[in-house]
There are 2 protein chains.
Amino acid sequence: MNSIRVFAPATVANVACGFDIFGFAVDSPGDEIVLRKRDKPGVEIIDIIGDEGRLPREAMRNTAGIAIQTFLQHIGSEQGIEVTLHKQMPLGSGLGSSAASAVAGVFAINELMGRPLKTMDLLPFAMEGERLACGSAHADNVAPSLLGGFVVIRSYNPLDVIRVNTPDGMHCTIVHPDIEVNTKDARFILKNEVSMKNTITQMGNVAGMIAGLMKPDYDLISRSMVDVIIEPVRSILIPEFNEVKQAALDSGALGCSISGSGPSMFALSRDAETAQRVGLAMQAGFLAVGITSELYVSEINQQGPKILSPVTATA
Amino acid sequence: MNSIRVFAPATVANVACGFDIFGFAVDSPGDEIVLRKRDKPGVEIIDIIGDEGRLPREAMRNTAGIAIQTFLQHIGSEQGIEVTLHKQMPLGSGLGSSAASAVAGVFAINELMGRPLKTMDLLPFAMEGERLACGSAHADNVAPSLLGGFVVIRSYNPLDVIRVNTPDGMHCTIVHPDIEVNTKDARFILKNEVSMKNTITQMGNVAGMIAGLMKPDYDLISRSMVDVIIEPVRSILIPEFNEVKQAALDSGALGCSISGSGPSMFALSRDAETAQRVGLAMQAGFLAVGITSELYVSEINQQGPKILSPVTATA
């Protein structure tokens with residue numbers, strides 16, 4: 001195999017009550033990456049399409065480049081690689097854009113090198129990409145993007161990632177308003193202390209969310225999609241947050257909150273039809289104050305990354 | 001029916017990571033109550049056996065008396081009731097002694113009055129008993145005692161109690177050292193603020209615990225039985241806490257922590273044999289510093305209260 005094309009899904013982190021511990025993958029949007037072996041050593045980014053020139057082209061300053069490079073170092077390979085990245089989602093949107101690129105990169109290089117590592121063992125390399133993009137090696141986007149489905153990051157030290165089943169018909173709505181929030185800023189405004197009362201409330205919702213997903217029990221999921229710690233702070237960075245959330249709930253969403261650190265908002269619904277209706281209502285909410293937005297409706301992605309092109313077998 | 005005898009189970013609240021939101025019932029110990037109808041109105045406590053005279057005999061100052069009284073008021077009955085309470089567990093032990101009495105009382109009176117309410121709807125009356133005993137209407141002992149099994153108190157306002165399945169073979173060890181901790185004191189020493197870091201760690205363990213119980217996955221349960229918020233503070237009230245906990249883990253327990261507000265300690269194990277071995281090791285740990293203790297080993301109680309005596313059908 002000399003080249004490979006891989007898709008990795010966008011992700012919704014936090015999922016209302018699960019700050020830094022919950023995340024799930026969606027079928028759309030996502031990033032595509034193309035890797036090609038070359039004789040000259042080193043990882044080189046040939047092109048990035050769809051970022052309007054905003055992402056660094058230098059491999060060691062790019063999330064996918066870092067992930068590929070640390071993987072190759074780990075397996076002791078000096079294989080040269082040319083990278084073409086197709087960004088198919090907005091940057092700084094709260095949809096795990098950097099994570100999707102890193103996951104696509106490390107999944108692709110593992111396949112290209114004959115799959116020396118298991119998928120789960122690719123996580124640390126993708127997290128190195130996140131460290132570059134976010135300042136810390138968070139896993140709540142890379143883990144669901146890599147593993148698919150709904151995941152819990154139970155612990156970072158040691159890393160303990162748990163996959164939780166989701167109800168079959170459940171759909172996700174994502175609305176990305178055309179405004180920007182910097183992830184580092186969104187983290188900076190959070191307090192370092194939480195009241196015991198809010199901690200207990202949030203733990204109850206975290207427990208309810210997992211039980212609701214696993215039973216499954218849509219009403220319980222709905223009741224548990226409440227965030228008393230992060231959303232009240234971060235939502236002030238998103239114009240019309242309360243109105244858009246209410247529009248989602250009024251349209252039948254189980255719940256609605258900020259995707260990752262925003263500004264994208266997400267909702268969960270019982271079926272595709274509701275999820276679509278919820279999305280249009282959310283878009284209308286933003287448009288009422290002149291904010292345009294992109295809408296994505298999809299099932300929970302269960303697969304993680306996938307190989308897109310047929311493998312070209314050349315010696 | 002003129003009289004009834006009911007058993008209600010003891011409970012382990014908090015369950016390591018789930019402060020104020022987790023609780024489960026055990027088959028042993030528990031309290032027994034006998035109710036008898038009488039012509040004279042009012043609730044009267046005829047006798048309390050096994051409390052060494054420490055519990056109030058005045059019905060409206062007794063947790064079972066309060067629960068029965070508020071239930072009768074709710075259904076608009078002036079039925080006179082004589083109560084005999086058989087305390088079969090230590091008071092102030094962290095095993096939900098007051099909750100078991102309240103649950104036994106309200107379950108018994110509901111049966112005696114022809115079951116006007118469903119079991120779940122008895123919870124508020126048992127919680128009134130808790131308000132008397134603990135100063136606030138906590139549900140993390142009364143809910144599992146009433147419903148059986150492992151429960152999550154997702155929310156108090158409105159009350160939202162969720163029952164979660166547990167692995168079939170799982171057994172609980174309880175060791176009650178012969179020392180006393182006042183529930184109000186144990187709550188008073190807790191801080192009002194929790195660091196964001198500890199909140200996130202605890203949420204991860206709460207999610208892991210629910211997923212571990214429901215999958216079921218014993219290793220995940222074990223990894224999730226970690227409390228970084230409450231145990232480090234409350235354990236200082238229990239002599240030899242660290243040594244006893246380590247003895248439990250060394251003997252094969254999945255995890256070990258404080259039962260409720262202590263001083264009882266509990267452990268969970270994969271089977272009865274391990275749970276018994278764990279218990280003896282924990283007792284030896286206390287005995288090393290001269291503290292005697294009671295040992296209880298049982299499955300997770302799945303039934304809640306049960307009627308013990310055959311119902312005497314008299315007109």
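Using only Cα atoms, find the angle between the long axis of helix A:97-112 and the longest principal axis of chain A, and express it within 0 to 90 degrees, rounded to the nearest 10. In chain A, helix A:97-112 runs at an angle near 40 degrees to the longest axis. Sequence-distant contacts, meaning Cα pairs under 8 Å at least 6 residues apart, place the relative contact order of chain A at 25 percent.
Using a 7 Å projection from Cα along Cα-to-Cβ, the label point at B:Asp168 is separated from the same position in the remaining copies by 2.5 nm, smallest value first. Helix A:63-75 versus the longest principal axis of chain A: what is the Cα-based angle in degrees, 0 to 90, to the nearest 10? Tilt relative to chain A: about 50 degrees. Under the definition of Cα pairs under 8 Å and six or more residues apart, what whole-number percent is the relative contact order of segment A:87-143? Value for segment A:87-143: 36 percent. In this calculation the C-beta distance from B:Lys118 to B:Asn157 is compared with R0 = 22 Å, giving a FRET efficiency of 0.60. Computed per residue of chain B from DSSP H runs no shorter than four, each worth -39500 (n - 2.57), the mean residue ellipticity at 222 nm is -10500 deg cm²/dmol. By the Kirkwood approach, averaging reciprocal distances over each pair of separate Cα atoms, chain A gets a hydrodynamic radius of 19.6 Å.
In summary, segment A:3-165 shows an alpha-carbon radius of gyration equal to 0.95 times the 2.2 N^0.38 Å reference for compact globular proteins.
For segment A:119-244, the pair-distance distribution built from all alpha carbon pairs, in bins 10 Å wide starting at 0, is 10, 31, 44, 15, 0 percent.
Fully extending the segment from A:Ile75 to A:Ser136 would add 19.6 nm, taking 0.36 nm per residue of separation and subtracting the current Cα-Cα distance.
What is the P(r) of the protein assembly as shown, as percent of Cα-Cα pairs per 20 Å bin from 0? Result, from short to long distances: 19, 43, 28, 9, 1 percent.
Kirkwood radius and radius of gyration were both taken over the C-alpha atoms of segment B:171-299, and their ratio Rg/Rh is 0.97. Ranked from shortest, the separations from the 7 Å Cα-to-Cβ label point of A:Ser195 to its equivalents in the other copies are 2.2 nm.
Normalised by the number of residues in segment B:171-299, what is the relative contact order in percent for Cα pairs under 8 Å and 6+ residues apart? Computed value for segment B:171-299: 39 percent relative contact order. The distance separating the Cα centre of segment B:13-74 from that of segment B:211-230 comes to 31 Å.
The listed peptides B:35-42, B:16-23, B:239-246, A:31-38, ordered by packing as a protection proxy, come out as B:16-23, A:31-38, B:239-246, B:35-42 (highest mean of other Cβ atoms within 10 Å first).
Where a number appears in this text, it was derived from the coordinates with a stated rule and is not lab data. Just so it is clear, the structure is predicted and the values come from calculations on it, not from any experiment. All Cβ positions, even for glycine, are placed from backbone atoms using ideal geometry, and neighbour counts span all protein chains on display.
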